[in-house]
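These notes are about the structure you will find just below.
The values are calculated or read from the model by the stated rules, or taken from the named source; none is laboratory data. Treat the numbers as computed from the prediction; the structure is a model and nothing was measured. Don't worry about glycine lacking a Cβ; one is built from the backbone with ideal geometry, like all the others, and counts go over all protein chains shown.
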Amino acid sequence: MNSAPPSFDLPRRQSLSAQAAEALERAIGEGTWQDFLPSERRLCELLQVSRPTIRTALQMLAKSGVIEIRQGRRNRLLPAARHSPHRASRLIGIVSPVPFEQLSVSTYKIISEMRTHLAEHGFTTEVLVCPPKAAAVSRRRLEDFLRRNRVFCCLLTSVSHDLQEWFATHALPCLVLGSCHPDIKLPSLDIDYRSVCRHAGGNLLAKGHRRIALIMPDSGVAGDLASEEGFREAFTAPNHLDAAPIIVRHNGAVQHLVLKLDALFDSPQRPTALLVAKPAHSLSSLIHLLKRGLSVPDDVSLVCRDQDPLFEKVHPAISHYLTHDTSFAHRLLRLMQQLVTHGYLPPEPTLIFPKHFAGGTLRNAPR
């Protein structure tokens, strides 16, 4: 005789709108927002769903008495939702010097993967833009953001010294995606730019180059300052004392970079090698050298500190330092997992040394 079949509660398939409503209600209950919800557009960005999906989710919340929908104005949280018991906030702030879409392709990809991973574990993320040239405005914007939202922790992407100092002083849990300035003690994750530029400078010196220029944006970012320090260190070896480092700083605009390059190569002691920090500036430098009638690498060797997928697809391939995005992303996810689990990371740097890709733009110094 067959036994009766076991009884199960069949799983319910939730629509995307229902999942969005659930995520919003959880965030509201945890105190992520105090009186009003962000705009529909902002909610779409946070949950990575379409506007029709958000609108349906908001209608669900309105029917449940969680929010009041107000046409043409921000949707208001109802008192019962605002004052319900909640756990610690699960909002993570991403503080960036530029809008999210203006980050480098590599950084954009890495942070996007991190946001997706955190969303799967119930965390929401919001980007706050704090331009480095407006320290006082950025500080007020940050303080206002933290006053309006219950932020669990922050990810700081290459922010200014002023903002790093603010976070160190206020002891808000954070991770710096980039390097810390020497007087700032915060947890950080970055490429070991000091070692990279020391290695690049030493490699060029070993190939007989004695007039080597580091082309660097005048950003004030800790990683760029560390790059300059490492580059200078390459020239301190006893067998390299006949060479002197040349550091050329520009404002990031192509026109200014070209003016700096012209002044550099019009000088009596023009360089035989360039170490360029940024991929876009490497390509601009390469094209400008060709316009001046200089061949790379026959007349001038060129090495880029950072990577770009294009570098290995051109001929000759551009010499650079390669870090696999997947390795960096995994390291970032591990650190963020520790931060959201324990609410704390030790204030020390995590540095990754990339692999040198020699390419075809690096050669012995011309005789």
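Remarks
- Top-ranked residue in the stretch 221-260 [being of a type outside the set (Val, Ile, Thr), over 26 Å from the mean Cα position of the chain (by Cα) and not in a helix (DSSP H, G or I); ranked as farthest from ILE184 (Cα to Cα)]: ASP242
- Contact map, the stretch 336-347: residues that are more than 14 Å from GLU120 (Cα to Cα) paired with residues that are of a type in the set (Ser, Thr, Tyr), Cβ distance under 8 Å, separation 6+ or inter-chain. No pairs are found.
- Among the candidates LEU205, LEU186, LEU257, the residue that is surrounded by 14 or more Cβ atoms within 10 Å (Cβ to Cβ), assigned by TED's automatic domain parsing to the domain that holds ILE111, touching a residue at least 24 places away in the same chain (Cβ under 8 Å) and out of contact with any Leu (no Cβ under 6 Å at 6 or more places or on another chain) is uniquely LEU186.
- Some residue of the stretch 326-337 being crowded, with 16+ Cβ neighbours inside 10 Å, under 25 Å from VAL258 (Cα atoms), of a type in the set (A, V, I, L, M, F, W, C) and modelled with pLDDT of 90 or more: no
- VAL137 without any contact (Cβ under 8 Å) to a residue 40 or more places away in the chain and in contact with a helix residue (DSSP H, G or I) (Cβ under 9 Å, 6 or more places away or on another chain): no
- THR361 being surrounded by fewer than 18 Cβ atoms within 10 Å (Cβ to Cβ) and either of a type in the set (Ser, Thr, Tyr) or modelled with pLDDT of 95 or more (or both): no
Results for (1) modelled with pLDDT of 95 or more; (2) under 18 Å from LEU322 (Cβ atoms), shown as yes or no for each residue.
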{"position": "ASP190", "(1), (2)": "yes, yes"}
{"position": "ARG194", "(1), (2)": "yes, yes"}
{"position": "CYS197", "(1), (2)": "yes, yes"}
{"position": "ALA200", "(1), (2)": "yes, yes"}
{"position": "LEU205", "(1), (2)": "yes, no"}
{"position": "ILE215", "(1), (2)": "yes, no"}
{"position": "ASP218", "(1), (2)": "no, no"}
{"position": "VAL221", "(1), (2)": "no, no"}
{"position": "GLU229", "(1), (2)": "yes, no"}
